[in-house]
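Here's the structure we're looking at; comments come further down.
The values are calculated or read from the model by the stated rules, or taken from the named source; none is laboratory data. On a predicted model such as this, the values are computed, not experimentally measured, just so you know. Here the Cβ is made from the backbone with ideal geometry for all residues, glycine too, and neighbour counts use every protein chain on show. SASA here: full protein model, heavy atoms, side chains in, ligands and nucleic acids out. Shrake-Rupley method; radii C 1.70, N 1.55, O 1.52, S 1.80 Å.
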Amino acid sequence: MHERAERLRTAGAGINMYDNGLRVLEALGAYEDTIRGGARARLRETRDEHDRLLSVHRWDIRVYGVLRQRMIDALAAAARRAGAEIITGSEGVAATPEGELQLVNGNTLKADLVVAADGVNSRIRDALGLVSRRRTLPDGCVRVLIPGDSSKDERTIEYWSGKRRLLYNPCSDTHLYLALSMPHEDAAARALPLDKALWRRSFPRLEALIERIGGDGRYDRFEYIRLRRWSAGRVAVIGDAAHAIPPNIGQGAGCAMMNALSLAVYLEQGDDVRAALARWEHAERPLTDHTQRISLLFGMPTFWPARLRALFYAAAARSRWLTAQRTRTARHVPTGTR
Ligand SMILES: Cc1cc2nc3c(=O)[nH]c(=O)nc-3n(C[C@H](O)[C@H](O)[C@H](O)COP(=O)(O)OP(=O)(O)OC[C@H]3O[C@@H](n4cnc5c(N)ncnc54)[C@H](O)[C@@H]3O)c2cc1C
């Protein structure tokens, strides 16, 4: 595995893993290390800026808030145990459908299969001309960690104030994860270091919490990416490189992991790499497409008037059909985990 950074570090603070992603972690032997000290979520609430409850969802599947770095470390340890060699400070530049990977140091490597998992700005994907649609979405998010044990709190709470929202997300015995979203054009709200006075005005009931935010933080604008195909010859594209998803239902990494494990399953079924890649995409892509559609849908109320948005969330929480659509990915039993 070639990673361009000097070490396997991750930005983005905390992350929610649902039953689908947790099953993949189990299959890889990375589950226990990932959830150690993590926060089991049993309730997902939506509230307004006055702390009034708009909707509530009671999880009947496993959901954990975890530290991203803990999960990356657990995955890297599992990969090494399985014989993977992880080479940091090594950047891929391009890959050919014949399975040649060019590195920035000038070396070219020959592979049976090159897997491009190089994120939303994937150079390898772009060099192969696979993108059919890329949309920079009108909103984004600042993510921060606050020191303190949050592992016993079983609620995640999404607070709304106008078009700003604050996700209160327990994630570990050492930290609490906050995700503060806003329209990209709201430059004051996304400025770093965070303008705490501005955020306190938006969420007066959360003053004490906002006061504890430190100087760290990272802003990312949401993106949506679709490919014509998930592969070109002996190159497969996975993760955000293939299907970046706005995080409204928290399934970007979940889908990335499911698609990575299922890729291995399909490759094991025969010697013909190209045929395996075609079968893999045919079988696995519909769920990722669904996840993207639902995530876009649940992001739309951001730009609606507050009353309409409150009505939408209340109705969505009561609707069995919409709840089934929203949680379909989380409930899925991924290929390779039975
Ligand atoms: C605000 C926010 C909240 C989110 N919350 C959740 C959540 O709760 N649950 C969830 O499942 N998902 C969530 N996601 C989505 C999730 O973060 C992504 O889907 C996931 O990180 C994608 O993983 P990836 O490995 O494809 O890409 P990345 O995480 O971007 O990793 C790509 C890696 O490739 C390396 N790289 C890049 N280019 C090269 C190159 N040329 N050569 C070598 N290495 C390279 C990078 O350094 C990096 O390490 C969220 C996203 C956002 C923005």
Do you know which residues across the stretch 55-81 are touching an Asp or Glu at 6+ places or on another chain (Cβ under 6 Å) and either farther than 23 Å from His332 by Cα or at pLDDT 95 or above (or both)? Ile61, Arg62, Ala74
With respect to Ala84, is the statement that it is assigned to a loop (DSSP other than H, G, I, E, B), aliphatic (A, V, I, L, M) and away from the ligand (no atom under 14 Å from the Cβ) true? yes
Could you check the stretch 64-74 and list, in sequence order, the residues that are near the ligand (Cβ under 10 Å from one of its atoms), among the aliphatic types (A, V, I, L, M) and surrounded by fewer than 22 Cβ atoms within 10 Å (Cβ to Cβ)? Ile72
Is it the case that Asp19 is within 13 Å of the ligand (Cβ to nearest atom), of a type in the set (Asp, Glu) and open to solvent by less than 30 Å² (accessible area, probe 1.4 Å)? yes
Out of (1) among the hydrophobic types (A, V, I, L, M, F, W, C); (2) without any contact (Cβ under 8 Å) to a residue 40 or more places away in the chain; (3) more than 22 Å from Ile245 (Cβ to Cβ), the one Leu180 does not meet is (3)
Would you pick out the residues in the stretch 16-69 that are in contact with a Leu (Cβ under 7 Å, 6 or more places away or on another chain), of a type in the set (Ser, Thr, Tyr) and farther than 30 Å from Val265 by Cα? Thr46
Kindly indicate whether Ala30 is within 16 Å of the ligand (Cβ to nearest atom), surrounded by 15 or more Cβ atoms within 10 Å (Cβ to Cβ) and of a type outside the set (Lys, Arg). yes
Filtering the stretch 107-129 down to residues that are within 8 Å of the ligand (Cβ to nearest atom) and either under 18 Å from Trp280 (Cα atoms) or in contact with a Leu (Cβ under 7 Å, 6 or more places away or on another chain) (or both) yields Ala117
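The rows are residues; the columns are (1) open to solvent by less than 40 Å² (accessible area, probe 1.4 Å); (2) touching a residue at least 40 places away in the same chain (Cβ under 8 Å); (3) over 30 Å from Asp112 (Cβ atoms); (4) away from the ligand (no atom under 13 Å from the Cβ).
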{"position": "Gln251", "(1), (2), (3), (4)": "yes, yes, no, no"}
{"position": "Met257", "(1), (2), (3), (4)": "yes, yes, no, no"}
{"position": "Gln269", "(1), (2), (3), (4)": "no, no, no, yes"}
{"position": "Arg279", "(1), (2), (3), (4)": "no, no, no, yes"}
{"position": "His282", "(1), (2), (3), (4)": "no, no, no, yes"}
{"position": "Leu287", "(1), (2), (3), (4)": "yes, yes, no, yes"}
{"position": "Phe303", "(1), (2), (3), (4)": "no, yes, yes, yes"}
{"position": "Ala314", "(1), (2), (3), (4)": "yes, yes, yes, yes"}
{"position": "Ala330", "(1), (2), (3), (4)": "yes, yes, yes, no"}
List the pairs whose first member sits in the stretch 19-46 and is aromatic (Phe, Trp, Tyr), whose second member is surrounded by 21 or more Cβ atoms within 10 Å (Cβ to Cβ), and whose Cβ atoms are under 6 Å apart, counting only residues at least 6 apart or on separate chains? Tyr31/Leu25
Take the conditions of a type in the set (Gly, Ala, Ser), under 20 Å from the mean Cα position of the chain (by Cα), buried (at least 16 other Cβ atoms within 10 Å of the Cβ) and within 16 Å of the ligand (Cβ to nearest atom) and apply them to Ala39. Does it pass? yes
The lone exception for Ser262 - which of (1) more than 16 Å from the ligand (Cβ to nearest atom); (2) among the polar types (S, T, N, Q); (3) open to solvent by less than 20 Å² (accessible area, probe 1.4 Å) it fails: (1)
Need a quick list: helices (runs of 4 or more DSSP H) entirely within the stretch 186-248 having at least 1 residues that are hydroxyl-bearing (Ser, Thr, Tyr), surrounded by fewer than 18 Cβ atoms within 10 Å (Cβ to Cβ) and within 16 Å of the ligand (Cβ to nearest atom). none
Which members of the stretch 18-47 meet the condition of being outside any helix (DSSP H, G or I) and basic (Lys, Arg)? Arg36, Arg40, Arg42, Arg44, Arg47
